[in-house]
Amino acid sequence: MFENLQDKLNKAIRTLKGSGRITDVNVASTVKEIRRALTDADVNFKVAKDITDQIREEAIGQKIVIAVEPGQMLVKIVHDKLTELMGGQAESVNLKGSPAVVLIAGLQGSGKTTFSGKLAHNIKKQGRQVLLAACDIYRPAAIAQLQTLGQQIGVEVYAEPDNKDAVQIAKNALKYAKENSKNVLIVDTAGRLAIDEAMMQEVENVKKAIEPTETLFVVDSMTGQDAVNTAKTFNDRLNFDGVVLTKLDGDARGGAALSIRHVVEKPIKYMSTGEKMEDLDIFYPDRMASRILG
Ligand code: GDP
């Protein structure tokens, strides 16, 4: 579906070969191709521009190795840059504390509940006691969904179906986790279809009340460019610790990972690649760089 970036660059660079060295003048058309490849992969336009400006600086002055395809060399420069910009190394969640408290936030439908189940399943497999808390007080179906997941993976779910106070439920869940010697509490919060003030205030209050060890923002990779704005708003309010990028089993090229990292400067920690409880993947920046470049 996407033309290979390396082929495009080879075309654009043909003229560079003669000069043997990348200069400000002859790099312009290749930079344009790189920028287009990034925006094709859903990288935010402004972010793509920032990144290609940096790549241009780094590429200028480098010798073009005539023996290998010049496109290959530039693709490597771009690949390494994208990997570095996405943090270089994989980063895991902080599960220190007794119990460690993980708060899950994001828009409705982003995959919060599914991710909460997957994380619980993953932690349980490490031999730790996990408690899931259902704090979505607006959709009765959300509580049932978490309870079904809990049963499936053998993890206890704390819920108060008749309580309409999310902060109180979260506090009670924490108390319950402590009293029952749980190692990790995962709190699934409510999401809305779009960001609204009441929702942001509520999740902010939940965060203040339970002081999580780790706050994770969940975002659907299919939402493309919008993902950056959503991430920025959530980060301004919650100062989250990491990002979970979901639905990467679909067509999304993953540009959202690069844009979000660049704009909010927080690591992407997990990627979700399906609805099954086993589909929880650590986020590897170099693999995502390859996916973005196609
Ligand atoms: P929430 O409203 O944020 O809690 O979102 P849900 O966890 O209910 O997920 C919304 C929908 O997306 C559900 O139908 C999930 O099965 C589906 N979903 C969640 N994560 C993934 C994923 O990584 N890949 C795919 N294909 N579907 C997912």
To the nearest 0.05, the calculated FRET efficiency linking GLU57 and GLN89 through their beta-carbon distance, R0 being 25 Å, is 0.60
Can you tell me the 0 to 90 degree angle between the C-alpha axis of helix 70-85 and the longest principal axis of the chain, rounded to 10? 30 degrees
Measuring from its Cα centre, the stretch 131-199 shows a charge dipole (+1 at each Lys and Arg Cβ, -1 at each Asp and Glu Cβ) which, in debye to the nearest 20, is 160 debye
Using a/c under 1.5 as the rounded threshold, could you call the chain rounded, prolate or oblate? The axes a ≥ b ≥ c are square roots of the C-alpha gyration tensor eigenvalues, and prolate needs a/b larger than b/c, oblate otherwise. prolate
Would you please put 109-121, 30-42 in order of how densely packed they are, using the mean number of other Cβ atoms within 10 angstrom per residue and starting with the highest? 109-121, 30-42
Going toward the positive end of the dipole of the chain, with +1 on Lys and Arg Cβ and -1 on Asp and Glu Cβ, which of ALA144, ALA173, THR223 do you reach last? THR223
Which shape class applies to the stretch 171-224: rounded if a/c is under 1.5, otherwise prolate when a/b exceeds b/c and oblate if not, where a ≥ b ≥ c are the square roots of the Cα gyration tensor eigenvalues? prolate
Helix-derived mean residue ellipticity, 222 nm - over the chain, DSSP H n ≥ 4, -39500 (n - 2.57), to 500: -15500 deg cm²/dmol
What's the ranking of 199-210, 160-171, 219-230 by average number of surrounding C-beta atoms within 10 Å, highest first? 219-230, 199-210, 160-171
Using alpha carbon centers only, the stretch 255-294 is separated from the stretch 106-139 by a whole-angstrom value of 19 Å
Which entries of LYS112/LYS178; LYS96/LYS118; LYS46/LYS208 have Cα-Cα distances beyond 27 Å here? LYS46/LYS208
At a probe size of 1.4 Å, how large is the accessible area of HIS262, to the nearest 10 Å²? 50 Å²
Which translational diffusion coefficient, to the nearest whole µm²/s, is obtained for the stretch 37-142 from the Stokes-Einstein equation, given a Kirkwood hydrodynamic radius over C-alpha pairs, 4 °C and 1.567 mPa s? 71 µm²/s
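The values are calculated or read from the model by the stated rules, or taken from the named source; none is laboratory data. What you see is a predicted model, and the numbers here were worked out from it, not measured in a lab. Don't worry about glycine lacking a Cβ; one is built from the backbone with ideal geometry, like all the others, and counts go over all protein chains shown. Heavy atoms of the whole protein, side chains included, go into the accessibility calculation; ligands, DNA and RNA do not. Shrake-Rupley method; radii C 1.70, N 1.55, O 1.52, S 1.80 Å.
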